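Chemist: Just dropping this structure here.
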Amino acid sequence: MNLSRYLRQPHPENCDCSVCWSRRETAHPAPCPSTPCTECRPVQVRKVNGRWRLTPAFICAKHTPSDRPPKYWHVVHDTGKPTPFVPLREPFELVG
């Protein structure tokens, strides 16, 4: 069999391969959750009377990052008192 016979063949309508799935998903992009609201304003640079004018960006209180980092967890897993590592100098002897 020749591989070139299978290349560039059309996919069926209900194809669930990764290529078709990606093509369907990118056809209708979801809105980005970090899209600024109507109160937020991006920085603006424009020329007025031959001079460049800069209007600084404005971020509303809802989208302003907090001063403190987010709290994730305080204890991952508490296993109790730590057990010290004691290296063995001599192998165990079986008594029996």
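The values are calculated or read from the model by the stated rules, or taken from the named source; none is laboratory data. What you see is a predicted model, and the numbers here were worked out from it, not measured in a lab. Positions of Cβ are backbone-derived with ideal geometry, glycine not excepted, and every protein chain shown enters the neighbour counts. Note: accessible area is taken over every heavy atom of the protein model, side chains too, but ligands, DNA and RNA are not part of it. Shrake-Rupley method; radii C 1.70, N 1.55, O 1.52, S 1.80 Å.
Chemist: C15: net charge of surrounding residues, Cβ under 14 Å, Lys/Arg +1, Asp/Glu -1, itself excluded?
Modeler: Numbers: positive: R23, R24; negative: E13, D16, E25.
Residues close to C15 contribute a combined charge of -1.
Chemist: Just how much of S66 is accessible, in Å², when a 1.4 Å probe is used and the result is rounded to the nearest 10?
Modeler: Probe radius 1.4 Å; accessible area of S66 about 90 Å².
Chemist: Excluding R53 itself, calculate the net charge of residues whose Cβ lies under 13 Å from the Cβ of R53, where each Lys or Arg counts +1 and each Asp or Glu counts -1.
Modeler: Local charge sum for R53: +3.
Chemist: Under a 5 Å amide H to amide H cut-off, with H placed in plane at 1.01 Å, what residues pair with C40 once short-range neighbours are removed?
Modeler: C60
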